[in-house]
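Report on the following structure.
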Amino acid sequence: MNRQLWAFDLEVFPNYFCGTFQNLESGQKHYYEVSSRINQGEELRTFLSFLSGYLVSFNGQDYDDIILSYWYQENPSLAELKAFSDSVIQRNEEAYKYYKWLRCFPSLKSIDLFRYWSKMLRLSKKISLKSLGIQLGYHTVQELPYHHTTVLTESQMEEVKYYNYEHDLNILKLLYEALKDKIELRFQVEEQY
């Protein structure tokens, strides 16, 4: 069984979309951007087509997995992607139910660390990756520097890139380490059955 684990996080703004991926074993990171200044969409598409194993996220089953699936299948413009992202944030399930699972990636499975942390229950949306970063002792905890409706300048894009590339993935990795035993149990069950 392929145990390759890739932590990932996405950000969507009206003129900016980025995805950052980190191999949890090697630490190798990949950053892709589609924006008004650069279009690495084909590079991201190629990267995803060769991945296998597990995509590890925080709240991915309710956001990141859906956005990635939609982006990959539909190849939307930034405006279409932002509108779709807003429908997911607003919980308009009719708009996104088809994209809820990573069906377009047959060699990838999803691990949503939020579900492990909350013991698979969605009791509260108040649990955030940032609050868990504080609990885990992460050295720098900050919220996304701009509201998701902001049309970003190039310098703001750099700030969001740094925030996504550095802080979110590092906290995801810490959280994964804290939950590793529970996730290992899942692997054992998958191998057995």
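In the chain, what percent of the accessible surface is made up of carbon and sulfur (1.4 Å probe, ligands and nucleic acids excluded)?
Taking all protein chains in place, the chain shows 51 percent carbon and sulfur surface.
Under a GNM of the chain (C-alpha, springs under 10 Å), which listed residue has the highest mean-square fluctuation: Phe50, Phe21, Phe84?
Of the options given, Phe50 has the highest mean-square fluctuation.
Counting Lys +1, Arg +1, Asp -1, Glu -1, what net charge surrounds Ile38 among other residues with beta carbon under 12 Å of its beta carbon?
-3
Rounded if a/c is under 1.5, else prolate if a/b is larger than b/c, else oblate: which is the chain, with a ≥ b ≥ c the root eigenvalues of its Cα gyration tensor?
Details: a/c = 1.45, a/b = 1.26, b/c = 1.15.
Note, shape of the chain comes out rounded.
How many nm separate the modelled label positions at Ser52 and Arg91, each set 7 Å beyond the Cα in the direction of the Cβ?
Each label point is offset 7 Å from its Cα along the Cβ direction, giving 3.8 nm.
Tell me the label-point distance for the pair Ala178, Tyr31, using the 7 Å Cα-to-Cβ offset, in nm and rounded to one decimal.
Using points 7 Å along Cα→Cβ, the separation is 2.5 nm.
At 7 Å along Cα-to-Cβ for each site, give me the label-to-label distance between Glu80 and Arg45 in nm.
Reported label-point gap for Glu80 and Arg45 is 1.2 nm.
On a 22 Å Cα-Cα criterion, which of the cross-link pairs Lys100/Lys173; Lys97/Lys182; Lys100/Lys180; Lys29/Lys109; Lys82/Lys161; Lys109/Lys180 come out too long?
Check vs 22 Å cut-off fails for Lys100/Lys173; Lys97/Lys182; Lys100/Lys180.
Work out how much length Arg103 to Tyr162 would gain on full extension: take 0.36 nm times their residue separation and subtract the Cα-Cα distance, in nm to one decimal.
Between Arg103 and Tyr162, full extension yields 18.3 nm more.
Compute the accessible area per residue over the chain, keeping the other protein chains in place, probe 1.4 Å, unit Å².
For the chain, the solvent-accessible area averages 50 Å² per residue.
Mean residue ellipticity at 222 nm from the helices of the chain, using -39,500 (n - 2.57) per DSSP H segment of n ≥ 4 over the full residue count, to the nearest 500 deg cm²/dmol?
Calculated at 222 nm, the ellipticity per residue is -12500 deg cm²/dmol.
What percent antiparallel are the DSSP beta bridges of the chain, to the nearest 5?
65 percent
The values are calculated or read from the model by the stated rules, or taken from the named source; none is laboratory data. Computed from a prediction, not measured in an experiment: that's the story for all the values here. Using ideal geometry, Cβ is built from the backbone for each residue, glycine included, and neighbour counts are taken over all protein chains shown. Ligands, DNA and RNA are excluded from the accessible area calculation, which covers all protein heavy atoms including side chains. Shrake-Rupley method; radii C 1.70, N 1.55, O 1.52, S 1.80 Å.
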